[in-house]
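Input: a single structure, listed below in structure tokens.
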Amino acid sequence: MKKAIITGVTGQDGAYLTSLLLSKGYEVHGVKRRSSSFNTARIDHMYVDPHSASAQLVLHYGDLTDSANLIRLVQQIQPDEIYNLAAQSHVHVSFETPEYTANSDAIGTLRLLEAIRILKLEEKTKFYQASTSELYGKVQAVPQSETTPFYPRSPYAAAKLYAYWITVNYRESYGIFASNGILFNHESPLRGETFVTRKITRAVAAYAHGRQSCLFLGNLDAQRDWGHARDYVDGMYRIMQHSEASDFVLATGEMHTVREFVELAFGHIGISLEWRGEGLDEVGVRIDNGDIVVRLDPQYIRPAEVDLLLGDPSKAKRELGWTHTTNFTDLVREMMEADLNDVMPKV
Ligand code: NDP
Ligand code: GDR
């Protein structure tokens, strides 16, 4: 039985990846942070009493800012694979907490790679780094592939840039099977509530239920290549089973604006919108009755924005046989249905 460590097991991708690896017969060791309230809602249904012989998911306390803890866990578990998904993953929040973001997202990655090296597990333990399309930042070329130059635009992206290169460096220096997945935005009903897609689907569902009258957003013109998290964790797994360590873009190759996402979400509850006004005075208006249901709020505008991300996943398709299966319309529909029913799907 293969053993995998997943850092960030309580997050969106952690939940989908845990489900995938358990279905493949792995013993999964998830690293979760101590919290004053429960933070395991996304994975609770997969957890069985550790006293049971069928327990394949083990949870450990840990934190990417704590080297001793990470070394001890890697030593104790002796994993075949480590998926480093843990991060302060919110781009806007990283402008408020730049030092913490660097510590967890950049140095945290180094700490895990060092654990592999210190414990002499270079031959045994494969390493996956959750790299991101945010590395491309200020647009240098469209679409973006493994060879497009990086230009980070936030403390988050700058921290992830270090993590990307230290992963490459440990592969080249010590022969560790260490790969980067450069993943474009991926969403699901399990997406964190403050990322724009989930913020929109929750607000539109609350509107449908009469609990919220207006949705406040920032830059409606930002364009993203949005896929489904379920497809992307399958890509992570394939990256780790590939014959050699390398870096791969995972993306849909299709791009939409935040505005289109809003229109589709309202369309799902039978409401058509038109946009009136300009700049920060722009509003989204119901065509049938003239109610303003979307307004802009400058607090959601970032100090530096990433205007446009569009991925070219041809290398992943060619070498891993990976492609996305859920399109944009189906993604919005699935997220809307979950939020309208107020259920967190058991993935
Ligand atoms: P989430 O924000 O949903 O999950 C992040 C996870 O990291 C949570 O489990 C969180 O714990 C944990 N975490 C945060 N800080 C620490 C820390 N210091 N020590 C240990 N654990 C920590 O992110 P996603 O699941 O969406 O993304 C997974 C990874 O992929 C992240 O690294 C993200 O940056 C990256 N990524 C995501 C993309 C996306 O579109 N989703 C695209 C490209 C990259 P807790 O639950 O306690 O907060
Ligand atoms: P992103 O995702 O920054 O791409 O990072 P997010 O959903 O936060 O923003 C996408 C775009 O929407 C614009 N936007 C808003 N964003 C938020 N959060 N809230 C708003 O009210 C709002 N209004 C407009 C943003 O300005 C932005 O342009 C995500 C994270 O998962 C990262 O961890 C990951 O690395 C990248 O995707 C790829």
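Any read-out appearing in this document is the output of simple, stated calculations on the displayed coordinates, not a laboratory observation. Note that this is a predicted model, so its numbers are computed, not measured. No Cβ is skipped: glycine too gets one built from the backbone with ideal geometry, and neighbour counts run over all protein chains shown.
Worth pointing out:
- Straight Cα distances below 18 angstrom link Lys3 to the lysines Lys24, Lys32, Lys120, Lys124, Lys126, with same-chain residues fewer than 8 positions distant left out.
- Backbone N under 11 Å from the Cys214 label point (7 Å along Cα→Cβ), restricted to region 292-316: 292-297
- Rounded to the nearest 0.05, the FRET efficiency derived from the C-beta distance between Ile269 and Phe195 at R0 = 30 Å is 0.90.
- Gap separating the Cα centres of region 1-77 and region 258-310, nearest whole Å: 38
- Over all Cα atoms in the chain, the spread is summed up by Rg and Dmax: 20.4, 67 Å.
- Full-extension gain in nm, Asn341 to Gln76, via 0.36 nm per residue minus C-alpha separation: 91.2 nm
- Take the Cβ atoms of Glu260 and Leu59, set R0 to 25 Å, and the FRET efficiency comes out at 0.05.
- The mean sequence separation of alpha-carbon pairs under 8 Å and at least six residues apart, normalised by the residue count of the chain, gives a relative contact order of 18 percent.
- Computed on region 27-132, the Cα convex hull volume stands at 125 Å³ per residue.
- Amide H to amide H, with H built 1.01 Å from N, Ala130 comes under 5 Å of Asn84, counting only residues 5 or more places away or on other chains.
- Rounded to whole numbers, the Karplus 3J(HN,Hα) couplings from phi for region 181-196 are x, 8, 9, 7, 3, 9, 10, 4, x, 8, 4, x, 5, 9, 7, 4 Hz, using 6.51 cos²θ - 1.76 cosθ + 1.60 with θ = phi - 60°, and x at Gly and Pro.
- Helix-derived mean residue ellipticity, 222 nm - over the chain, DSSP H n ≥ 4, -39500 (n - 2.57), to 500: -10500 deg cm²/dmol
- Applying 1/(1 + (r/R0)^6) with r as the Cβ-Cβ distance of Thr329 and Asp221 and R0 = 25 angstrom yields a FRET efficiency of 0.80.
- Dipole in debye (nearest 20) - region 105-163, about Cα centre, beta carbon charges: Lys, Arg +1; Asp, Glu -1: 80
- Bridge orientation summary for the chain: considering DSSP beta bridges with both residues in this region, about 20 percent are antiparallel.
- Neighbour-count ranking [beta-carbon atoms within 10 angstrom, fewest first] of Ser188, Ser35, Ser246, Ser179: Ser35, Ser246, Ser179, Ser188
- Rounded to the nearest 20, the size of the Cβ-charge dipole of the chain about its Cα centre is 940 debye, with Lys and Arg at +1 and Asp and Glu at -1.
- Options Pro143, Leu119, Tyr83, ranked by Cα towards positive dipole end of the chain, top entry (Cβ charges): Leu119
- Helix axis angle, 328-340 relative to the chain longest principal axis, alpha carbon, degrees: 80
- Between the Cα long axis of helix 258-268 and the first principal axis of the chain there is an angle of about 70°, rounded to the nearest 10.
- Unit charges at the beta carbon, dipole of region 250-347: most positive-side option, Ile287, Leu320, Leu264: Leu320
- On Cα atoms only, tilt of 155-174 relative to the major axis of the chain in degrees: 30
- For the peptides 190-197, 207-214, the ranking by mean Cβ contacts within 10 Å, running from highest to lowest, is 190-197, 207-214.
- Estimated inter-spin distance, Leu280 and Val93, nm [label 7 Å along Cα→Cβ]: 2.5
- Label reach from Asp297 (point 7 Å along Cα→C-beta): in region 332-346, no amide nitrogen lies under 11 Å.
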